[in-house]
1. Are any residues in the range A:228-268 of a type in the set (D, E, K, R) and facing another protein chain (nearest Cβ under 8 Å), and if so, which ones?
2. I'd like the full set of residues that are surrounded by fewer than 20 Cβ atoms within 10 Å (Cβ to Cβ), in contact with a Ser or Thr (Cβ under 8 Å, 6 or more places away or on another chain) and more than 29 Å from A:Q316 (Cβ to Cβ), limited to the range A:164-191.
3. Identify, please: which residue in the range B:75-92 is more than 7 Å from chain A (Cβ to nearest Cβ) and modelled with pLDDT of 95 or more and is, among those, farthest from B:A164 (Cα to Cα)?
4. Take the residues of the range A:129-151 that are in a strand (DSSP E or B) and touching an Asp or Glu at 6+ places or on another chain (Cβ under 8 Å): which is surrounded by the most Cβ atoms within 10 Å (Cβ to Cβ)?
5. So how many residues does the range B:167-186 have that are farther than 20 Å from B:V58 by Cβ and either within 14 Å of chain A (Cβ to nearest Cβ) or of a type in the set (A, V, I, L, M) (or both)?
6. Could you check B:K109 against (1) surrounded by fewer than 16 Cβ atoms within 10 Å (Cβ to Cβ); (2) under 23 Å from A:V189 (Cβ atoms) and say which number it fails?
7. Would the range A:152-159 turn up any residue that is β-branched (V, I, T) and crowded, with 20+ Cβ neighbours inside 10 Å?
8. Given the criteria of a type in the set (V, I, T) and surrounded by 18 or more Cβ atoms within 10 Å (Cβ to Cβ), does B:V189 qualify?
Amino acid sequence: MIEILSNGAPNLIQDAGRRGHLGFGVSRSGAMDALALAVGNALVGNRHEDAAIEVSLFPFRVRFQEDLDFAVTGADCVVRLDDTQLAPWWGRTAKAGQTLVIERPKRGARAYLCLGGGVDVPSVMGSRSTDLKGAFGGYEGRGLRRGDALRVNIRPPRPFRGAGLGVVPAELPSFWDELSSGLVSVRVVPGAEFQHFTDEARKAFANTDYEITPDANRVGYRLSGAALPLSSPLELLSHGIVPGTVQVPPSGQPIIQLAEANTCGGYPKIATVVEADIWKLGQAPIGSRVRFVLTDVDAAVNTLRDRATEITKVQQTLALMTQRG
Amino acid sequence: MDVQILEKPQDASSDAGDIPSMRSTEHRSHALNSGPRLTAAGAGALLFDPGTRLFDAVMQTRLLAMAKRIDATLCANDTTEVVLGVNNLMLVFNPLELHPNDASEMLLKLWETTDAEVVSERTIEIPVIYGGAAGEDLNALSASAGLSVDEYVRRHSEATYSVACIGSMPGFAYMTGLPPELAVPRRKVPRMKVDEGTVIVGGTQAGVMPCTAPSGWHLLGRTDRRLFDPQNSPPCLFEPGNTVRFIVKGVEA
């Protein structure tokens with residue numbers, strides 16, 4: 001059991017997402033930074049889909065009421081267990097009574113607190129993720145509040161030795177360098193209406209940066225930059241959309257749909273952010289800029305395969321290092 | 001995020017048939033005019049558009065039959081999902097197990113071998129109290145349609161609606177069948193909060209709010225019927241292909 005010591009409506013229980021229910025209008029949900037969730041879960045010996053706490057309001061404090069393995073991944077934050085500062089993307093064992101503090105990120109937007117065994121909240125429609133639109137899943141369908149007590153699934157103790165250990169995905173250092181300069185680049189494949197945009201619009205989309213406006217949440221980010229006009233007006237019938245879809249409403253300013261993407265939309269789609277890069281947007285704060293890099297579907301499949309291979313390697317390496325099955 | 005549902009006839013010059021094929025995953029039949037079109041949405045999703053700009057009820061029935069076939073054959077594990085839209089369909093899959101090119105071919109074959117078979121005969125009745133605070137647009141909508149409130153309510157409640165698809169929010173049904181004289185452009189500025197149970201119209205479609213959420217549609221009244229419960233199986237009251245009737249339980253000033 002852990003006790004939440006900070007109020008934070010945007011701090012949510014999330015897992016790898018809710019699958020199989022798009023046809024009911026139920027969004028995918030899940031961690032905005034799926035890479036951080038997967039590696040954090042690997043650090044504490046969990047399955048990759050186990051539920052964790054997605055923190056986006058800082059500082060975030062919890063008190064451990066039992067001895068527990070934990071890991072903090074995601075944004076570059078100062079993390080302290082009582083008076084001991086931990087390195088980024090680090091896991092160790094906390095003793096009952098100890099307090100963990102995750103400070104406001106130096107770089108990035110969301111931190112993930114993974115707990116050995118996974119957060120034990122009821123699975124709703126096959127997932128423990130919080131769905132804010134439908135107010136279900138997660139912890140009573142809402143953000144965490146001071147005083148909430150979260151149970152953790154029981155599993156045999158497999159404590160970290162001493163100061164614990166950390167692991168950093170290969171891409172992270174260069175991504176953090178990008179974040180330091182306020183820019184995040186993501187690969188996109190052209191969307192269904194790509195050719196309906198003017199030449200100038202397509203050039204601007206690929207060659208200029210778009211700033212993330214304050215109108216940004218888990219559903220999506222509204223961006224601001226060079227307008228993206230259509231060659232001629234286009235009105236579409238409602239159609240399925242996925243996280244990563246870049247829509248352009250009549251204002252010409254793009255919207256990126258994210259973890260809680262609407263299941264259907266109607267705006268013209270200039271592009272889709274490839275699955276392997278969506279986690280980067282989860283770490284892009286309001287005010288930072290996004291650059292879209294055009295690629296093709298084969299490259300999108302290959303980068304996703306590389307990502308899956310890397311995560312498997314991390315899991316295997318950690319299992320060896322910690323001698324966990 | 002706003003969700004647009006627009007069903008206006010298109011100028012032929014802006015038809016998708018004029019757009020040159022762009023990517024290897026985009027297939028097009030050799031039929032005259034615009035045939036089926038497949039576009040990748042990332043590595044793991046394909047949007048299938050049989051090629052129409054006007055709502056076509058027969059095509060929708062055929063797409064629903066195709067969606068049911070996909071559900072029955074592919075969706076046993078949750079890595080494959082089908083999202084029925086309005087005259088289109090999206091397949092979401094794991095591209096490490098099914099290459100997008102193979103998924104495209106499969107969808108085209110399925111389409112060619114699926115007939116417009118009716119798969120649902122169910123009729124759902126929705127009791128409505130029209131007007132009042134929950135239906136604050138009723139007077140203005142009646143006036144702009146040149147009808148009395150009672151006449152507007154009569155036409156809205158006597159029409160037969162069909163659930164085209166579910167989407168945008170959990171359990172929300174896009175319904176076709178709104179009498180043409182009741183069609184109305186959506187609000188320029190969406191309301192930030194419309195209550196669960198509100199009966200609404202937008203464009204040429206009708207709907208009911210399954211949860212409290214933003215909406216740019218117009219408010220006619222309210223119902224007590226619960227449309228979505230995540231603990232139920234299935235969680236939605238409506239499913240595509242259902243017939244829906246609104247029953248007048250009262251009209252408030």
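1. So the first thing to find is which residues in the range A:228-268 are of a type in the set (D, E, K, R), and the list is A:235, A:260.
Answer for the range A:228-268, where residues must be of a type in the set (D, E, K, R) and facing another protein chain (nearest Cβ under 8 Å): just A:E235.
2. A:G182, A:L183
3. Within the range B:75-92, the match that is farthest from B:A164 (Cα to Cα) is B:L91.
4. A:D131
5. 11
6. Only one criterion in (1) surrounded by fewer than 16 Cβ atoms within 10 Å (Cβ to Cβ); (2) under 23 Å from A:V189 (Cβ atoms) is unmet by B:K109, namely (2).
7. Looking through the range A:152-159, at least one residue is β-branched (V, I, T) and crowded, with 20+ Cβ neighbours inside 10 Å.
8. Values: of a type in the set (V, I, T): yes; surrounded by 18 or more Cβ atoms within 10 Å (Cβ to Cβ): no.
Criteria not met by B:V189.
The values are calculated or read from the model by the stated rules, or taken from the named source; none is laboratory data. Keep in mind the model is a prediction, meaning the values are calculated, not measured. Because the Cβ atoms are built from the backbone with ideal geometry, glycine has one as well, and the counts that use them run over all protein chains shown.
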